[in-house]
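The values are calculated or read from the model by the stated rules, or taken from the named source; none is laboratory data. This structure is a prediction, so every number in the text was calculated from the model and none was measured. Ideal geometry is used to build each Cβ from the backbone, glycine not excepted, and the neighbour counts take in all protein chains shown.
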Amino acid sequence: MKRTVTIRLLPDKDSEAKLKALCSLSSKLWNELNYARRRMFFETKRVDLKGTYREFYEKYKTLIGSATAQQILNKNNEAWRSFFSLLKAKKEGKTPPFMNMVSPPGYRKRDSRRILWTVLRNDQYRIEGDYIVVKGLGAIGSLRIRFSGRIHIIGKQGRAEIRYDADEKKWYMHISFEVEEKIIRDERVRVPMKPLGDGIAGVDIGINSLLAVYVDDGSALLVSGRPLKSISFYWRSKIARYQSTLNRCGLKTSKRLRRMYRKWRRQIKSYINWAVRNAVEWLYYRGVRRVVVGYPKHIAQKPGKNSKTSFEVVHVWSYGYLLRRLKEVAEEYGIEIEYVDEKDTSRTCPICRTHIGHKRISRGLLKCYKHNKVFNTDLVGAFNILSKGKPIALSPALSGVGVTRLRPGAGLNQAPAWDVALNLPAPERTLAPLGRGEVRCL
């Protein structure tokens with residue numbers, strides 16, 4: 001299991017001058033190497049990776065150190081091999097339909113200026129208290145830089161990258177680890193953890209309910225997605241006003257505008273991380289070993305004709321990042337993730353097992369006229385997704401399901417509140433369901 005920790009570097013005046021020289025030369029190496037390889041590709045459709053590797057390694061090894069030059073060259077090799085793999089997949093018709101164009105690796109530039117960036121081998125740096133010591137930098141020498149941030153992962157350190165954010169005028173370092181232990185709530189925990197049971201859960205992803213979870217023991221979880229909408233619509237309005245001011249001045253972008261977009265994305269990711277972490281922890285303590293997730297195929301590429309729907313799907317939902325975080329966090333708790341097609345799951349009656357003759361009576365509610373029952377559509381989707389991963393034998397009686405609601409700003413140990421019980425059918429095998437209508441605010 002590999003994870004990355006991001007820390008902020010706080011160099012003094014001399015160290016910053018060395019860092020800028022190192023990162024400028026590293027970007028120059030990348031750009032020169034990439035220029036040579038792109039010319040080969042456009043002229044012959046082939047690239048001599050080994051020949052160009054040797055040529056530029058000899059040119060830059062004394063300037064930035066042999067280890068640094070090797071890491072930059074290796075990273076460029078990885079980018080080109082990935083590009084050729086995508087080309088091959090496209091020729092064989094294995095790429096998604098929305099991937100119309102595959103482009104070769106680009107340059108480390110923005111607005112005709114080099115991006116300050118470099119790559120370090122795992123034995124080039126070490127952590128000493130609040131300082132990072134970097135060596136093997138050729139003519140630049142060595143660096144000792146103070147940093148801020150928490151390194152919450154314990155394990156073998158891997159390759160690291162240093163980059164400079166020109167808009168914020170800050171230095172960042174991204175350190176990769178092969179995780180052995182992780183500090184969770186000030187406790188060292190060995191990961192991946194062992195599941196506490198053999199339960200299975202279904203997860204439906206939505207907008208108003210970001211995550212709807214149904215467990216085979218009869219319990220359920222709803223995670224609100226409304227804070228994501230609030231964040232996105234706030235920033236959308238603020239950015240639009242500022243963008244109109246820029247347009248009146250004849251400008252298209254600015255540092256302030258880029259910072260606003262960055263803050264927007266950070267707030268979205270922060271909420272998703274909070275929601276996913278707490279939801280997976282809830283599943284872990286319910287004894288779940290496997291989670292079946294409804295995967296909305298190509299939803300971002302075909303969001304619909306409504307511009308509001310398109311905005312919500314692409315910017316509010318951020319489903320690609322959400323799915324990735326679900327898998328990464330579940331891996332730490334020893335929970336397996338399986339993806340299935342979610343088509344028709346939220347409009348199929350969990351009792352009749354068909355979507356014919358049923359109707360949504362209002363937003364978020366599905367009515368079965370045959371049994372005269374009203375269901376929460378998000379939990380119906382989670383229930384049907386679970387049935388795709390594991391056939392559920394329903395009991396003759398229909399009962400309510402305990403529902404936990406996950407809300408931001410609340411803790412795990414708060415007292416339970418109450419809500420209307422849902423009409424989902426109970427599984428035949430019940431381990432320890434929550435009480436009817438029980439809601440525990442998280």
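Suppose we keep only residues that are in a helix (DSSP H, G or I) and out of contact with any strand residue (DSSP E or B) (no Cβ under 8 Å at 6 or more places or on another chain) within the stretch 194-234. Which one would you say is farthest from Val340 (Cα to Cα)?
Tyr234
Kindly provide the set of residues from the stretch 238-280 that are closer than 30 Å to Leu386 by Cα and either of a type in the set (Ser, Thr, Tyr) or over 17 Å from the mean Cα position of the chain (by Cα) (or both), ordered by number.
Hits for the stretch 238-280 are Ser270, Tyr271.
Could you list, in sequence order, all residues of the stretch 11-68 that are of a type in the set (A, V, I, L, M, F, W, C) and part of a loop (DSSP other than H, G, I, E, B)?
Within the stretch 11-68, just Val47 meets the criteria.
Looking at the stretch 289-335, which of the residues that are at positive phi and of a type in the set (Gly, Ala, Ser) is modelled with the highest pLDDT?
Gly334
Would you be able to tell me the number of residues in the stretch 31-56 that are under 30 Å from Lys170 (Cα atoms), touching a residue at least 40 places away in the same chain (Cβ under 8 Å) and out of contact with any helix residue (DSSP H, G or I) (no Cβ under 6 Å at 6 or more places or on another chain)?
Selection size over the stretch 31-56: 3.
Against the conditions (1) in a helix (DSSP H, G or I); (2) under 30 Å from Met193 (Cα atoms), where does Arg8 fall short? Just the number, please.
So the condition that Arg8 fails would be (1).
Residues are listed down the side, and each one gets a yes or a no for (1) loosely packed, with under 15 Cβ neighbours inside 10 Å; (2) farther than 26 Å from Ala160 by Cβ; (3) modelled with pLDDT of 95 or more; (4) among the polar types (S, T, N, Q):
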position	(1), (2), (3), (4)
Leu29	no, no, yes, no
Thr62	yes, no, no, yes
Gly65	no, no, no, no
Lys91	yes, yes, no, no
Pro97	yes, yes, no, no
Asn100	yes, yes, no, yes
Pro105	no, no, no, no
Arg108	no, no, no, no
Arg114	no, no, no, no
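Determine which single condition Val276 fails, assuming it passes every other condition in (1) under 30 Å from Lys343 (Cβ atoms); (2) at pLDDT 90 or above; (3) surrounded by fewer than 19 Cβ atoms within 10 Å (Cβ to Cβ).
(3)
Assuming Leu73 fulfils every condition listed in (1) in contact with a helix residue (DSSP H, G or I) (Cβ under 9 Å, 6 or more places away or on another chain); (2) farther than 20 Å from Tyr107 by Cα apart from one, which condition is it?
All conditions are met except number (2).
Residue by residue, here is whether (1) outside the structural domain of Lys109 (by TED's automatic domain parsing); (2) charged (D, E, K, R); (3) part of a loop (DSSP other than H, G, I, E, B) holds:
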position	(1), (2), (3)
Gly136	no, no, yes
Arg144	no, yes, no
Arg150	no, yes, yes
Lys156	no, yes, no
Ala160	no, no, no
Asp167	no, yes, yes
His174	no, no, no
Glu180	no, yes, no
Ile183	no, no, no
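Return the residues of the stretch 116-133 that are buried (at least 19 other Cβ atoms within 10 Å of the Cβ) and either among the aromatic types (Phe, Trp, Tyr) or outside any strand (DSSP E or B) (or both); say none if nothing qualifies.
The answer is Leu116, Gln124, Tyr125.
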